[in-house]
1. Take residue 11 and decide whether it is more than 23 Å from residue 71 (Cβ to Cβ), among the β-branched types (Val, Ile, Thr) and buried (at least 21 other Cβ atoms within 10 Å of the Cβ).
2. Does the range 31-43 contain any residue that is out of contact with any Gly (no Cβ under 8 Å at 6 or more places or on another chain), over 21 Å from residue 221 (Cβ atoms) and modelled with pLDDT of 95 or more?
3. With surrounded by fewer than 16 Cβ atoms within 10 Å (Cβ to Cβ) and at pLDDT 95 or above as the only criterion, which of 243, 228, 248 stands out?
4. Quick check on residue 206: is it closer than 25 Å to residue 26 by Cα, assigned to a helix (DSSP H, G or I) and modelled with pLDDT under 95?
5. Does at least one position in the range 87-94 carry a residue that is β-branched (Val, Ile, Thr), more than 13 Å from residue 134 (Cβ to Cβ) and not in a strand (DSSP E or B)?
6. Regarding the range 211-218, can at least one residue be identified that is in a loop (DSSP other than H, G, I, E, B), in contact (Cβ under 8 Å) with a residue 40 or more places away in the chain, out of contact with any Phe, Trp or Tyr (no Cβ under 6 Å at 6 or more places or on another chain) and over 23 Å from residue 66 (Cα atoms)?
7. Of all residues being out of contact with any Ser or Thr (no Cβ under 9 Å at 6 or more places or on another chain) and either at pLDDT below 95 or assigned to a loop (DSSP other than H, G, I, E, B) (or both) in the range 166-188, which is farthest from residue 66 (Cα to Cα)? Just the residue, please.
8. Testing residue 132 on (1) over 28 Å from residue 22 (Cβ atoms); (2) buried (at least 23 other Cβ atoms within 10 Å of the Cβ); (3) hydroxyl-bearing (Ser, Thr, Tyr), one condition comes back false. Which one is that?
Amino acid sequence: MRSTVIGSCEIIQGDSIKLMREMQLEVDHMIFDPPYDEEAHVQYRPRRRGKGGAEDRQQLDFSSIDARTAQACCETAARLCRGWFITFCQTEMVSFWRDHIEAERLKYKTPCVWVKPDATPKFNGQGPAIGYESFVTAWAGEGYARWNAGGKRGVYTHLTNSSTRHGAHPTEKPLGLMRELVQDFTEQGQTILDPFAGSGTTGVAAMQLGRKCILIEKNPEYFDICCQRVQDAARNVDLFIPQAKPKQDDMGFPRERIERTKTSAA
C-alpha cells in the first residue's frame, strides 16, 4: 500500500474494500464511480481499431461490481459518513444499489441522470443508442438531507469528451460534471471519500472547490496518474478558490489557536 498527501487531499493505493472496512475517520460525503456490472463492462468498453481496420472493444483492466463491493460501500457510509452517498451506475443497477442502501438504513433519495450529448450513436441502426448514465443519491447523515441546489432537477448535461478530459482512464467522468456534483451536494471545507478514484477527477474537482478528499485507487498506474492530476490542481488552486481570511476572535487572534489553547488547558 502507498499513500500521499497533496494539499487537502489524501490519496491511497490499495484495496478499497479492505481499506474502507479499516477506516475510522469520519467523512462528510461519499461520491464515487464504481465498476459497473459485467454486461455494462462489455457495452461501455472503448473501441479500438485492429488489423485490417476492424474495430473491437478493449478489455477493461478492473473487475465488475458485485454484492460484496456494494455492501462494503454502504456499510462504510452507515458507519462513517455524515452526509451524501452518491454512486454512479447504469439504469439497470439502480434497484441493486437501492436494496444495499436501504439494508444499511441509509435514506435512499432519488436516481439522477448524466446526459451525454456526444454519446456514441448506434452504428448498426438496430435501436437507440444510450445517451446517459445514472447515479443514485442517499442521505447518510442525521435529520433532513441538505444540499445547495434548491429545487433543481437531477439531470446533469456534460460532454464526455470535453476539453478538460485527461483520457488515461477508460471510464473517466467529465471534470465539469464532478465539479457540479461537488458544488451542489457539499460545502467548502468538508471531506469527500471516493473509494474508486480512477484517474482522480473527483479529487481535482474537490481541490478546485475548496473541499478535502480521501481517494482510494487499487491500480498502481491509475494511482500515479491520480497523484499527478491532484498535484497539478493544487498548483493552480488559487485560480478557482478565493482565499478566505482566517476567522478571528474579538482580540484579533485566530480562532483555531484559541480552540487549541482551550483543549490543552482542559
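The values are calculated or read from the model by the stated rules, or taken from the named source; none is laboratory data. Given the structure is predicted, the values throughout are model-derived calculations rather than measurements. Counting neighbours? That spans all protein chains shown, and the Cβs are built from the backbone with ideal geometry, glycine included.
1. yes
2. Taking every residue of the range 31-43 in turn, at least one turns out to be out of contact with any Gly (no Cβ under 8 Å at 6 or more places or on another chain), over 21 Å from residue 221 (Cβ atoms) and modelled with pLDDT of 95 or more.
3. On inspection, the qualifying residue turns out to be 228.
4. no
5. no
6. Yes: the range 211-218 contains one or more residues that are in a loop (DSSP other than H, G, I, E, B), in contact (Cβ under 8 Å) with a residue 40 or more places away in the chain, out of contact with any Phe, Trp or Tyr (no Cβ under 6 Å at 6 or more places or on another chain) and over 23 Å from residue 66 (Cα atoms).
7. Step by step, filter the range 166-188, then rank; the result is 188.
8. That leaves (2) as the condition not met.
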